1. Any idea which residue in the range 125-161 is surrounded by the most Cβ atoms within 10 Å (Cβ to Cβ), counting only those that are within 16 Å of the ligand (Cβ to nearest atom) and assigned to a helix (DSSP H, G or I)?
2. Just checking, how many residues over the range 170-197 are polar (S, T, N, Q) and more than 11 Å from the ligand (Cβ to nearest atom)?
3. Scanning the range 198-213 for residues that are under 13 Å from VAL138 (Cβ atoms) and in a strand (DSSP E or B), which turns out farthest from the ligand (Cβ to nearest atom)?
4. Looking only at the range 280-297, which residues are farther than 24 Å from SER143 by Cα and either under 22 Å from the mean Cα position of the chain (by Cα) or loosely packed, with under 12 Cβ neighbours inside 10 Å (or both)?
5. Of a type in the set (D, E, K, R), free of Cβ contacts under 8 Å to residues at least 40 places away in the same chain and either part of a loop (DSSP other than H, G, I, E, B) or within 9 Å of the ligand (Cβ to nearest atom) (or both): does that describe ARG96?
6. Could you tell me which residue of the range 259-273 is nearest to ASP235 (Cα to Cα), considering only residues that are buried (at least 16 other Cβ atoms within 10 Å of the Cβ) and not charged (D, E, K, R)?
7. Pairs please, first residue from the range 50-61 and touching a residue at least 24 places away in the same chain (Cβ under 8 Å), second anywhere and aliphatic (A, V, I, L, M) and part of a loop (DSSP other than H, G, I, E, B), Cβ atoms under 8 Å, 6+ apart in sequence or on different chains.
8. Looking at the structure I just gave you, is LEU164 among the aliphatic types (A, V, I, L, M), within 13 Å of the ligand (Cβ to nearest atom) and closer than 27 Å to ASP325 by Cα?
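The values are calculated or read from the model by the stated rules, or taken from the named source; none is laboratory data. Small disclaimer: the values here were computed from a predicted structure and weren't measured. All Cβ positions, glycine included, derive from the backbone under ideal geometry; neighbour counts span all protein chains shown.
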Amino acid sequence: SCEKKEEEVNKKEDKKVKDKKDEERERRKEKMKRAGAVYNQMNNKSLISEGSTVLGRFEVDAIIGGGGFAQIYKAYDKVRKEDCAIKMEHATLDIRRMKLEITVLLALRGCIGIPEILGQGKWQNGDIKSQYIVMQLVGKNLSEIRKALPHRRFSERTLYRAMLQILKALSLLHGAGFLHRDLKPSNCCIGATDCTRIYLIDYGLTRQYLDKGGIVRKPRAGVGLRGTIRYMSLDAHARHDLGPNNDLVAFLYTTIECGDGSLPWSNESTHDNIIKLKQAHTGEKLCTKQPVMTKVAEYIEGLSYHNIPDYEKLFGLIEDCNPPDLKDSEPYDWQYR
Ligand code: ADP
């Protein structure tokens, strides 16, 4: 009975810790909401004005994009004499986001398929404070490109070559100890100068999953929802802490959507229905229109949090999806007009 009491005390303690954690999470959420409101008010205001020069080198041009949090500007690098991009974020937003993105971009500087970071700093436009990253300019993303194609899907002569590049970039990211956690077609961009190169962008949701010794960190229980509903793994829906396998599931869903033109849950809006459809579509059921992808799907679905994926094996499986007569020099779908 003594043991039982102890167990009860432990349970109570666990519950206290859990409640405290929940409270903390709620407080953080509220803070983000408030920041979001500030951001939305600022949304139609430029964080930096055209013609400004940052770091004495980058001349700001027009705004070219905006994500959930950021404003993206085109800029001109007076040193390299070429265009670049500046990602600006309102300073009241969670500062850790951009800090982590900078850490990742610095760790992966020079890697193929990762936009090169050129600088970073803080800016003040009137009374609006922001932080920014200067980086290599990239071109259109795979979501926009797909929607502009005649059948709204990529040909098999393009898809697997493009996705292999994304998979290679992802393996470099994982190798450096980080997860992406928001892999999707709109975060895969063609190069601005070389449109046969594909880049993985947006490291705003990354997480370090290896500790300094290269050991997988202990998974946390009941983590918040991260990423984009359509592409997230069932583990992410279940609020499990994520591993490299979950980025690979997002990679799988991205590949299926890009090749099929949609996912079985594309028109669903509730979590429950999306989860049910994801559960029902695994392996060959997910790959009915791309049977060549079945082995890839089965391999990825077989991985769990603690597995280190065999990237070489995956590269081979994706290469095997290419039509046998495909030449490397063949143009990609977006190069035909
Ligand atoms: P967020 O973290 O707010 O989602 P992203 O980094 O995803 O911001 O950027 C939002 C959009 O801006 C992208 O979908 C892309 O179209 C554009 N963009 C981002 N980075 C670049 C870049 N380096 N060059 C050109 N366009 C970019």
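1. LEU142
2. The number of residues fulfilling the criteria is 3.
3. Once the filter is applied, the top-ranked residue is ILE198.
4. Of everything in the range 280-297, just one residue is farther than 24 Å from SER143 by Cα and either under 22 Å from the mean Cα position of the chain (by Cα) or loosely packed, with under 12 Cβ neighbours inside 10 Å (or both), namely ALA280.
5. Details: of a type in the set (D, E, K, R): yes; free of Cβ contacts under 8 Å to residues at least 40 places away in the same chain: yes; either part of a loop (DSSP other than H, G, I, E, B) or within 9 Å of the ligand (Cβ to nearest atom) (or both): no.
It is false that ARG96 is of a type in the set (D, E, K, R), free of Cβ contacts under 8 Å to residues at least 40 places away in the same chain and either part of a loop (DSSP other than H, G, I, E, B) or within 9 Å of the ligand (Cβ to nearest atom) (or both).
6. Looking at residues that are buried (at least 16 other Cβ atoms within 10 Å of the Cβ) and not charged (D, E, K, R), I get TRP265.
7. Here the result reads VAL54/ILE48; ARG57/VAL79; VAL60/ILE48, each pair linking the range 50-61 to a residue that is aliphatic (A, V, I, L, M) and part of a loop (DSSP other than H, G, I, E, B).
8. So LEU164 fails the test.
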